[in-house]
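Below is one structure; the comments refer to it alone.
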Amino acid sequence: MTVIDFKAFIGRLATSSGETILPFFRTSLSIDNKSVAQDFDPVTEADRAAEAVMRRLIKANFPQHGIVGEEFGNEREDAEYVWMLDPIDGTKSFIAGFPIWGTLIALLHKGTPVFGMMHQPYIGERFSGDNGSANYSGPSGERRLTVRRCASLKEATAYTTSPLLMNAADRAQFAKIESAVKLARYGGDCYSYCMLAAGHLDLVVETELKPYDIAALIPIITGAGGVVTTWDGKPAQNGGRIVAAGDARVHDAAMKILNS
């Protein structure tokens with residue numbers, strides 16, 4: 001099968017997960033802390049229910065495929081096709097009632113993300129890409145996603161979810177980026193990468209990402225004409241320290257600073 005053959009099914013996954021999540025949003029829902037350290041890594045009933053729904057659909061339609069999900073672990077992760085699921089990326093925003101979260105659905109073929117979608121059911125937005133092109137559909141209609149040109153860091157708008165998520169050494173390197181760009185803002189989670197693909201910001205720098213945090217966003221960013229790698233220039237699908245840029249010149253400049 002080609003990626004095109006999977007697109008309608010990915011739409012079904014997005015619709016089903018969204019219908020499962022929305023009844024929980026802005027309600028008094030129970031929250032568990034997954035972290036064994038001192039930090040707070042929340043998970044809700046909505047996360048678990050949405051991933052369970054998507055897993056059931058995948059197993060019913062593609063039983064030979066693998067699944068890697070945030071909440072229920074890995075199954076057949078060495079299969080030719082693997083689905084990578086993050087039911088709610090931005091759970092901290094979700095539990096605070098802010099709509100800056102999304103469901104991330106990636107399809108990997110032989111370990112490479114070949115299609116990705118970010119679905120925000122409350123706003124009704126979908127961002128999708130297949131590395132060759134990227135698209136938006138939402139309240140304002142449908143359109144192609146294209147990154148914007150930006151010649152240098154001093155003209156760039158940069159985002160990170162929070163520098164507090166970084167270790168001290170990485171935070172110090174990110175501070176150099178902050179001082180070099182025109183504007184630096186915090187928050188966003190998966191939305192930052194989608195806004196980069198849509199041409200509204202220029203640079204996203206993060207650390208400590210899991211594969212399911214980034215895999216779905218790679219085909220969207222590259223499909224829109226952007227660049228996304230690890231800080232040391234490797235493919236981004238395994239997570240870790242990630243740098244994404246709309247313009248290759250900004251990516252190069254950021255890489256020089258982050259590795260200085």
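What follows is calculated from the coordinates using simple rules that are stated; it is not laboratory data. The structure presented is a predicted model; accordingly, all values stated were derived computationally and were not measured. All Cβ positions, even for glycine, are placed from backbone atoms using ideal geometry, and neighbour counts span all protein chains on display.
The table below lists the values:
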item: Residues 119, 251, 200, sorted so that the one with the fewest Cβ neighbours within 10 Å comes first; result: 200, 251, 119
item: For segment 55-63, Karplus couplings with θ = phi - 60° (6.51, -1.76, 1.60), whole Hz, Gly/Pro x; result: 4, 4, 5, 5, 5, 6, 9, 9, x
item: Packing-based exposure ordering (other Cβ within 10 Å, fewest first) of 186, 159, 81, 136; result: 186, 81, 136, 159
item: Distance histogram in 10 Å bins (all Cα pairs of segment 157-248, percent per bin); result: 18, 57, 24, 0
item: Which listed pairs, of 7/256; 59/210; 92/256; 7/154; 176/234, have C-alpha distances above 28 Å, in listed order; result: 7/256; 92/256; 7/154
item: Rel. contact order, % - alpha carbon contacts under 8 angstrom, at least six apart, the chain; result: 16
item: Karplus-derived 3J(HN,Hα), 6.51/-1.76/1.60, for each residue of segment 68-84, Hz, glycine and proline x; result: 10, x, 5, 8, 10, x, 10, 9, 6, 5, 9, 5, 4, 10, 10, 8, 10
item: Segment 3-144: C-alpha pair distances exceeding 20 Å, %; result: 46
item: Value of Rg to Rh for the chain (Rh from inverse mean 1/r over Cα pairs, i.e. Kirkwood); result: 0.95
item: Long-range amide H partners of residue 66 with built H, under 5 Å; result: 79, 81, 82, 83
item: Taking the convex hull of Cα positions in segment 111-190, its mean projected area over all directions (nm²); result: 7.5
item: MRE, 222 nm, helices only [DSSP H, n ≥ 4, -39500 (n - 2.57), over the chain, to nearest 500]; result: -9500 deg cm²/dmol
item: Stretch gain in nm, segment residue 7-residue 169, where the contour uses 0.36 nm per residue and the Cα spacing is subtracted; result: 54.2 nm
item: Residue order, fewest to most surrounding Cβ atoms within 10 angstrom, among 242, 214; result: 242, 214
item: FRET E, pair residue 234, residue 72, Förster distance 22 Å, beta-carbon r, rounded to 0.05; result: 0.20
item: Between segment 191-260 and segment 82-106, the Cα center-to-center distance that results, in Å; result: 18
item: Hz values of 3J(HN,Hα) by residue in segment 10-15 - Karplus curve (6.51, -1.76, 1.60), Gly and Pro given as x; result: 4, x, 5, 4, 5, 4
item: Computed label-point distance, nm, for sites residue 148 and residue 56 using a 7 Å Cα→Cβ extension; result: 4.3
